[in-house]
């Protein structure tokens, strides 16, 4: 039975019940310094808590139910108001990104295992892609540092920057082109590993270009690419070039910009509307570059699987399109221009009609059923 040890204090049993935390959890949080009792009986070690500690205890309980690790909970509890809310928002953004990646992996495994079932594979029509690529200097820049490529297996856009931006982007895409001829020989289960290896090699190629330019800190490239195996699409993305999907009339951005401004949006420090007009909206947080901890590229790149359906249309583009042409106009053009060659020309023309302030590159690919 709990003894009274002073006005207002609650024994660990009553406090545990009120906070919805087990006594075992309370002892652990005490050991970690996360939630220390107001008083500990020196003879018995019994813990007593003040009623005003309930709010913090309930916050800890809620964060644990959210799945936040203890180190993150300690950080949130040390903050107040808006800062604590921003930390929770940032954590949940990471959880959602991880969940999306695992959802894609689960979809891949379902399709892969179904494909191994003769009854399932016999009922599935073979798929292929129709594609086109176009890159343009625009109306303001003197040189084109973009690279756009479309082949039977590989779709890619790279937007180079710095004095060696053009060769950096081309070098990254050239490495991935090696997968173009051999993608159909890559076992489905090894597809992501093969792409991760290719991105590491692309990072080293960019570093080689940067070293040749003797300005390693100012040379690099974005890279957004999709590898087609005949039944699956694998996506690799780093930087602020983008990939979009037109499916059943809906238009979806399927990549996440790796920019400083987008990071501030994710953390709740900027609204999407504020981000569109922010003066540093093009400042990259991740890229294939000549220096930095992610020199090889794979550590900073998003690599995941994308399900493919007949009738899907994919757009890969540099920010010379996405930052210049409103998304509604891009959507309308893709939805009303059936031929991929016509579509890429129309999109580049849209960017130039809007001033063409940057190089612009587009790749459009349609997923189609092949004759049996």
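Only the coordinates and a few stated rules stand behind these numbers; no lab work does. All values reported here derive from a predicted model rather than from experimental measurement. Here the Cβ positions follow ideal geometry from the backbone for every residue, glycine too, while neighbour counts run over all protein chains shown.
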* **Efficiency of FRET between residue 31 and residue 190 - r from beta-carbon atoms, R0 30 angstrom, step 0.05** => 0.10
* Structure fact -> Fewest-first ordering of 10, 264, 226 by Cβ atoms within 10 Å yields 264, 10, 226
* Fewest to most neighbouring Cβ within 10 Å: what's the order for 77, 317? -> 77, 317
* Taking only Cα atoms, what is the 0 to 90° angle, nearest 10, from helix 191-213's long axis to the longest principal axis of the chain? -> 70
* Structure fact -> In this structure, the FRET efficiency calculated for residue 197 and residue 273 from their beta-carbon separation, with R0 = 41 Å, to the nearest 0.05, is 0.55
* Just grab the label-to-label distance for residue 260 and residue 341, each label 7 Å out from Cα along the Cβ direction, in nm (one decimal). => 4.4
* Could you tell me whether the chain comes out rounded, prolate or oblate from its Cα gyration tensor? Rule is a ≥ b ≥ c as square roots of the eigenvalues, rounded for a/c under 1.5, then prolate if a/b exceeds b/c, otherwise oblate. => prolate
* Please give the calculated 222 nm ellipticity per residue for the chain, where each DSSP H segment of at least 4 residues contributes -39500 (n - 2.57) and the sum is spread over every residue; nearest 500 deg cm²/dmol? => -13500 deg cm²/dmol
* **Rounded, prolate or oblate (a/c below 1.5 giving rounded, otherwise prolate when a/b exceeds b/c) for the stretch 1-79 by Cα gyration tensor** => prolate
* To do: Describe numerically, in nm with one decimal, the distance between label points set 7 Å from Cα along Cα→Cβ at residue 14 and at residue 139.
  => 7.6
* **Segment residue 102-residue 353, extension gain: residue separation times 0.36 nm, minus the distance between their alpha carbons** => 86.3 nm
* Structure fact -> To the nearest 0.05, the calculated FRET efficiency linking residue 309 and residue 92 through their beta-carbon distance, R0 being 41 Å, is 0.90
* On Cα atoms only, tilt of 54-66 relative to the major axis of the chain in degrees -> 40
* Sort out for me the Cα centre separation of the stretch 217-269 from the stretch 296-372, rounded to whole Å. => 11
* Asked: Listing 15, 252, 161 from the residue with the fewest other Cβ atoms within 10 Å to the one with the most, what is the order?
  -> 252, 161, 15
